[in-house]
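Take a look at the structure below.
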Amino acid sequence: MKNSLIRPVYYAPGPVASAFLKSDARRRVLMGPFGSGKSVACCHELLRRAREQAPDSRGVRRTRFAVIRNTYPELKSTTVKTWRAWFGDEFGKFSSSIPFEHRLRFGLRGDGTRVECDVVFLAMDQEADAKKFLSLEVTGIYFNEVRELSRAIVDAGDGRIGRYPPVKDGGPTWHGIIADTNMPDEDHWLYDLAEVEQPEGWAFFRQPGGVRRVETSPGTHDWVANPHAENLPNLIDGYYTAQLPGKEDAWVAVYLGAEYGRLPVEGAYFAEELATAERERRIATVLPDPQFPVHTFWDLGVSDDTTIWFGQGTGGEWRWVDYYENSGQSLDHYAAVLKARAAERRWSYGDHIWPHDGGQRDPGILGGRTRRDVFEQLGFKATVLPRQPLADGIDAARRLIRVSRFDADRCRDGLTKLRRYRRARDAARNVFLDRPEHDDNSHAADAFRAAAMGRDRVSNTDAWSNADVDPPAEWVV
């Protein structure tokens with residue numbers, strides 16, 4: 001690889017990955033088990049598209065790509081590491097300052113053209129990176145481990161592609177979104193997209209598992225090596241079966257068997273309370289009671305997610321009847337959502353509870369007004385909570401879950417994120433830290449903490465207070 005005209009030798013790790021690479025779908029996702037070559041395939045897809053971009057009048061093939069990961073530690077230790085293992089400094093200068101960027105510059109043998117491709121690496125837990133992402137003009141985007149990202153982020157990416165090179169300079173020969181992932185949960189937005197919605201313009205490629213189920217007796221099974229797994233020549237002998245001992249069946253199914261499933265989240269704050277709610281059938285169909293107003297509880301974001309829980313305190317329980325999230329939207333968007341929900345579901349609003357930062361003056365709003373001022377001009381009045389200790393809010397949220405019912409369908413995304421809201425981990429010491437992981441799940445949990453700490457402030461006097469109470473006797477199974 002010392003000659004910049006020679007690219008790394010790469011072969012697709014199997015027929016599914018090969019079909020993924022041959023596809024021209026605007027949005028495509030490669031799903032599979034550990035070790036199946038997904039990330040390497042996506043990295044090489046970016047290089048291939050850069051090489052195949054039509055040259056401009058000067059013989060230069062110009063492209064720009066973004067590579068997105070959920071957190072900075074994951075971006076640095078996995079995504080960038082994979083990229084750099086294949087594409088070193090021979091291809092151009094790599095900048096190690098945040099955000100990472102690789103400026104690939106090399107000639108092509110045979111036609112005398114030159115590739116100029118910029119690849120920027122962004123982590124969505126970095127506020128500066130998230131803001132940069134929303135203003136990108138790129139040829140394409142690669143979402144690495146896309147199940148760890150919100151649908152709002154992926155949807156926002158759809159408007160950033162196909163914008164480089166600009167049309168006046170010939171435009172991109174190809175543009176699109178590619179993504180890789182281990183298998184998502186069955187209540188994940190990605191599962192819905194792949195298996196339920198199946199929208200036009202999306203293509204999903206599911207690799208075979210590294211292991212497969214073999215029934216040993218009715219209702220029981222073993223896991224054995226799958227000879228049809230992809231990328232086996234690049235893995236040590238017994239790579240998959242050596243991981244089986246000591247692993248829970250659900251873990252094996254998702255990470256080695258390439259099956260959809262639901263995994264317990266290590267360090268999750270609300271795992272016990274939500275598991276109890278499921279066992280007691282409090283996550284089901286929950287309709288709003290017309291006798292009671294609907295209150296909303298928010299976490300406010302600009303470059304990242306704004307989330308809203310819609311709930312009713314009905315004198316003996318809290319009913320969570322809807323959930324909404326989006327990113328990069330102004331307050332008039334969320335005001336329109338509130339009005340549309342009320343018209344659709346025929347409810348009236350009580351109070352709108354905001355976190356402490358809702359009352360701060362926003363330099364991005366003309367006149368130095370607060371977001372609460374703008375919200376009031378849109379026809380709504382917000383109650384802004386004081387800043388409160390994080391630990392108190394988490395404990396209050398646990399108590400609130402114990403006396404709550406959730407609509408399984410309309411609150412699905414919010415529940416998924418509550419299940420995944422977890423303590424941060426110090427990777428170097430392999431220990432949990434005494435604070436939450438700030439990721440895609442944080443915003444739903446922060447809005448629910450606002451509910452837990454603010455539910456005693458709502459105008460409906462039948463709502464339960466923050467006192468630690470026992471659930472109704474009929475909930476006990």
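The values are calculated or read from the model by the stated rules, or taken from the named source; none is laboratory data. From a predicted model like this one, the values you see are computed outputs, not experimental measurements. No Cβ is skipped: glycine too gets one built from the backbone with ideal geometry, and neighbour counts run over all protein chains shown.
Given the condition surrounded by fewer than 21 Cβ atoms within 10 Å (Cβ to Cβ) and without any contact (Cβ under 8 Å) to a residue 12 or more places away in the chain, answer yes or no: does some residue in region 306-317 qualify? So far as region 306-317 goes, no, none of its residues is surrounded by fewer than 21 Cβ atoms within 10 Å (Cβ to Cβ) and without any contact (Cβ under 8 Å) to a residue 12 or more places away in the chain. Entry remark, region 37-83: residues being of a type in the set (A, V, I, L, M, F, W, C) and either more than 22 Å from F205 (Cβ to Cβ) or without any contact (Cβ under 8 Å) to a residue 24 or more places away in the chain (or both) number 4 in total.
Per-residue answers, yes or no, for (1) modelled with pLDDT under 90; (2) among the hydroxyl-bearing types (S, T, Y):
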{"position": "A229", "(1), (2)": "no, no"}
{"position": "R262", "(1), (2)": "yes, no"}
{"position": "L274", "(1), (2)": "no, no"}
{"position": "V294", "(1), (2)": "no, no"}
{"position": "T307", "(1), (2)": "no, yes"}
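Within region 339-384, being modelled with pLDDT of 85 or more, out of contact with any helix residue (DSSP H, G or I) (no Cβ under 6 Å at 6 or more places or on another chain), farther than 24 Å from D407 by Cβ and in a loop (DSSP other than H, G, I, E, B) holds for G379, K381. Are any of the residues in region 291-310 part of a loop (DSSP other than H, G, I, E, B) and β-branched (V, I, T)? Within region 291-310, one or more residues are part of a loop (DSSP other than H, G, I, E, B) and β-branched (V, I, T). If you filter region 147-159 down to residues that are in contact with an Asp or Glu (Cβ under 7 Å, 6 or more places away or on another chain) and either among the hydrophobic types (A, V, I, L, M, F, W, C) or part of a loop (DSSP other than H, G, I, E, B) (or both), you find that the one that is nearest to W189 (Cα to Cα) is S150.
Go through region 188-211 and give me each residue that's at positive phi and in contact (Cβ under 8 Å) with a residue 60 or more places away in the chain. Passing the criteria: only G201. Scanning region 392-436 for residues that are among the basic types (K, R) and either part of a helix (DSSP H, G or I) or not assigned by TED's automatic domain parsing to the domain that holds P288 (or both) turns up R398, R399, R402, R412, K417, R419, R420. Would you pick out the residues in region 229-265 that are of a type outside the set (S, T, Y), surrounded by 14 or more Cβ atoms within 10 Å (Cβ to Cβ) and part of a loop (DSSP other than H, G, I, E, B)? Matches in region 229-265: A229, E230, N231, L235, L244, G257, A258, E259, R262, L263, V265.
Within region 11-24, identify whether any single residue is under 27 Å from K132 (Cα atoms) and in contact (Cβ under 8 Å) with a residue 12 or more places away in the chain, and answer yes or no. The answer is yes, given that some residue of region 11-24 is under 27 Å from K132 (Cα atoms) and in contact (Cβ under 8 Å) with a residue 12 or more places away in the chain.
Taken over region 13-50, the residue count meeting the criterion of being among the charged types (D, E, K, R), surrounded by 16 or more Cβ atoms within 10 Å (Cβ to Cβ) and within 22 Å of K81 (Cα to Cα) is 3.
The rows are residues; the columns are (1) crowded, with 20+ Cβ neighbours inside 10 Å; (2) modelled with pLDDT of 95 or more; (3) more than 27 Å from N231 (Cβ to Cβ); (4) small (G, A, S).
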position	(1), (2), (3), (4)
L134	no, no, yes, no
R151	no, no, yes, no
D187	no, no, yes, no
Y191	no, no, no, no
E197	no, no, yes, no
E200	no, no, yes, no
F204	no, yes, no, no
E215	no, no, no, no
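Might you check whether a residue that is touching a Leu at 6+ places or on another chain (Cβ under 7 Å) and part of a strand (DSSP E or B) occurs anywhere in region 211-218? Yes: one or more hits. Within region 57-74, being at pLDDT below 95 and surrounded by 14 or more Cβ atoms within 10 Å (Cβ to Cβ) holds for N70, T71, Y72, P73, E74.
R109 meets the conditions (1) farther than 25 Å from L193 by Cβ; (2) modelled with pLDDT under 90; (3) under 21 Å from the mean Cα position of the chain (by Cα) in every case but one. The failed one is (3).
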